[in-house]
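**Q** Before I ask anything, let me first share the structure, which is written out below as structure tokens.
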Amino acid sequence: MKIAIPADEKVLASDVCMSFGRAPYFYIYETLTKMGDFIENEAANSPGGAGVKAAQIVADSHADILITPRCGENAAEVFKATALQIYKSKNGSISDNLNAYLDDKLSKLENFHAGFHGVGGN
Amino acid sequence: MKFAVLSGKGGTGKTLVSVNLAAVAKDSVYVDCDVEEPNGHLYFKPTEIETETVAIKIPIVDEDLCLGCRKCVDFCKFNALAAIVNKLLVFDDICHSCGGCIMLCPSNALTEKDKVIGEIKTGISEEVKVISGILNTGEASGIPIIKDLMKKTANEKRMTLIDCPPGSACIVMESIQDADYCILVAEPTVFGLHNLQLVLQLVKLFNKPYGVVINKCMESENLIQTFCIENKIKVLSKIPFESDLGAINSDGEIAAKSEKYNGLFSELLQAVVKEVEHETVTHS
């Protein structure tokens with residue numbers, strides 16, 4: 001099973017990125033091999049539609065689980081076409097959240113926001 | 001003769017100036033390009049209204065024909081398309097209607113469909129033809145409406161006043177393209193001056209002749225006037241900051257129809273017409 005997490009930096013001690021669509025990296029972890037990789041999020045600097053493109057990248061990575069603090073409506077729409085499940089991250093690092101998920105301590109992300117598009121977001 | 005009335009910020013007096021100029025010009029056309037909140041019609045109260053819808057073209061996918069090649073997904077710079085498990089998703093709100101995905105599709109799986117984004121209302125108010133562009137709430141861009149408004153008035157022989165959207169972005173550029181002259185409305189505040197400088201850059205970029213109307217003038221030192229003198233910019237008119245004018249305006253009445261303010265706007269009209277005639281002479 002593959003788990004995807006938006007990352008601020010390419011280290012496991014990095015915080016989970018506050019944004020899904022515009023996260024600089026995604027950490028993709030494979031539970032079978034217990035190995036993970038950071039991939040670049042090419043959508044991070046898109047003029048628009050970052051959520052759609054980031055979702056495409058995560059879907060293409062064959063992730064089964066996404067752990068993120070929030071997720072926009074458009075990205076959620078893309079994921080709807082896949083079997084991917086979205087969980088809400090907690091404060092802490094990528095590895096903290098990975099462990100929390102594996103210990104069954106994270107809950108599903110239920111609310112999806114409309115785009116921020118440069119206005120607000122916190 | 002086409003005049004575009006613009007300003008760097010909202011609430012400066014674009015509608016006040018354009019409505020009143022159209023009213024004193026008589027046989028004229030008033031075009032409300034402020035499609036997010038057109039309000040010129042509140043003053044003109046036009047009748048005999050005809051409504052046309054404005055639609056844009058967005059792609060629609062035939063899943064039976066889609067090969068899943070992703071050429072369209074890779075091409076779209078706005079990320080309006082996503083290909084998931086052999087399903088192509090189209091995000092209507094992100095699409096900018098460029099048509100590129102349809103041109104690139106090797107299997108003709110993408111075709112165009114109309115999406116209505118707003119309307120244009122045309123009516124008559126005494127001798128003024130009133131045309132208003134209206135963008136539906138929630139739509140991303142009013143530019144297609146401006147383009148239709150410009151097409152509608154392209155061959156207009158009557159004097160035309162184009163009430164622009166606020167700011168200096170793409171939608172304003174579309175609105176001033178056909179103008180023979182730009183009237184920049186500014187208010188004498190630090191913020192007003194900053195915004196005037198932004199629209200000045202825009203009209204210079206488009207090589208349009210221009211002049212400034214200073215609205216809300218008080219007797220004290222006037223930032224805009226000082227700036228215009230220093231930069232040799234023509235000041236067309238100074239509209240006083242008076243409660244009488246504010247009261248007429250907030251009652252939805254046209255100030256130029258009152259005895260007190262008719263002269264102010266008639267003189268402004270003469271000043272801009274003179275400027276355009278002068279421009280025609282010096283540019284021919």
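No value in this document is a laboratory result; all are computed from the given coordinates. Computed from a prediction, not measured in an experiment: that's the story for all the values here. Please note: Cβ atoms are built from the backbone with ideal geometry, for glycine as well, and neighbour counts cover all protein chains shown.
**Q** Which trypsin sites (Lys or Arg not before Pro) in the stretch B:139-194 pass both tests, a DSSP loop state and at most 12 other beta-carbon atoms within 10 Å?
**A** Taking the stretch B:139-194 and a limit of 12 other Cβ atoms within 10 Å, the loop trypsin sites (Lys or Arg not before Pro) found are B:Lys157.
**Q** Using only DSSP helix segments of four residues or longer, with each worth -39500 (n - 2.57), what per-residue ellipticity at 222 nm results for the protein assembly as shown after dividing by its residue count and rounding to 500?
**A** The helix-only estimate for the protein assembly as shown comes to -9500 deg cm²/dmol at 222 nm.
**Q** Here's another thing I want to ask about it. Could you work out how far apart the two model spin labels at B:Ser220 and B:Asn136 are, taking each label as a point 7 Å from the Cα in the direction of the beta carbon, and quote it in nm?
**A** Taking the two extended label points, one gets 4.7 nm.
**Q** Still on this model: What whole-number distance in Å separates the alpha-carbon centres of the stretch B:7-42 and the stretch A:41-85?
**A** 44 Å
**Q** OK, next. Restrict the search to the stretch B:210-284; then list the trypsin sites (Lys or Arg not before Pro) that DSSP places in a loop and that have at most 10 other Cβ atoms within 10 Å of their Cβ.
**A** Counting only loop positions with at most 10 other Cβ atoms within 10 Å, the trypsin sites (Lys or Arg not before Pro) in the stretch B:210-284 are B:Lys232.
**Q** Ignore the peptide's own chain and count Cβ atoms of other chains within 10 Å of each Cβ in B:79-92; give me the average, rounded. Could you put the intermediate results ahead of the total?
**A** Working: counts 14, 5, 4, 15, 5, 11, 4, 1, 3, 1, 8, 0, 8, 0.
For this peptide, the per-residue mean of nearby foreign Cβ atoms is 6.
**Q** What's the extension gain from A:Lys34 to A:Asp96 if we count 0.36 nm per residue and subtract their Cα-Cα distance? Mind dumping the intermediate values first?
**A** Working: separation 62, 0.36 × 62 = 22.32 nm, distance 1.48 nm.
Computed gain between A:Lys34 and A:Asp96 is 20.8 nm.
**Q** Let me ask something else. Among the complete DSSP H segments of chain B, which ones combine at least 30 Å of alpha-carbon extent along their axis with a mean Kyte-Doolittle hydropathy of -0.5 or more?
**A** B:259-283
**Q** Continuing with this model, one more query. Once you have the Cα-Cα distance between B:Val273 and B:Thr189, take 0.36 nm times their residue separation minus that, and quote the gain in nm to one decimal.
**A** Numbers: separation 84, 0.36 × 84 = 30.24 nm, distance 2.77 nm.
Going from the current span to full extension adds 27.5 nm.
**Q** Give the lysines reachable from A:Lys88 as a straight Cα distance under 26 Å; neighbours fewer than 8 places away on the same chain don't count.
**A** Straight-distance partners of A:Lys88: A:Lys2, A:Lys10, A:Lys34, A:Lys53, A:Lys80, A:Lys105, A:Lys108.
**Q** In addition: Can you run phi through the Karplus equation (6.51, -1.76, 1.60; θ = phi - 60°) for the stretch A:64-74 and list ³J(HN,Hα) in whole Hz, with x for Gly and Pro?
**A** These are the phi-based 3J(HN,Hα) values: 9, 10, 10, 10, 8, x, 7, 7, x, 4, 5 Hz.
**Q** In addition: Using a Cα distance threshold of under 17 Å, what count of lysine pairs results for the stretch B:30-162 when pairs must be 8 or more residues apart or interchain?
**A** The number of close lysine pairs in the stretch B:30-162 is 15.
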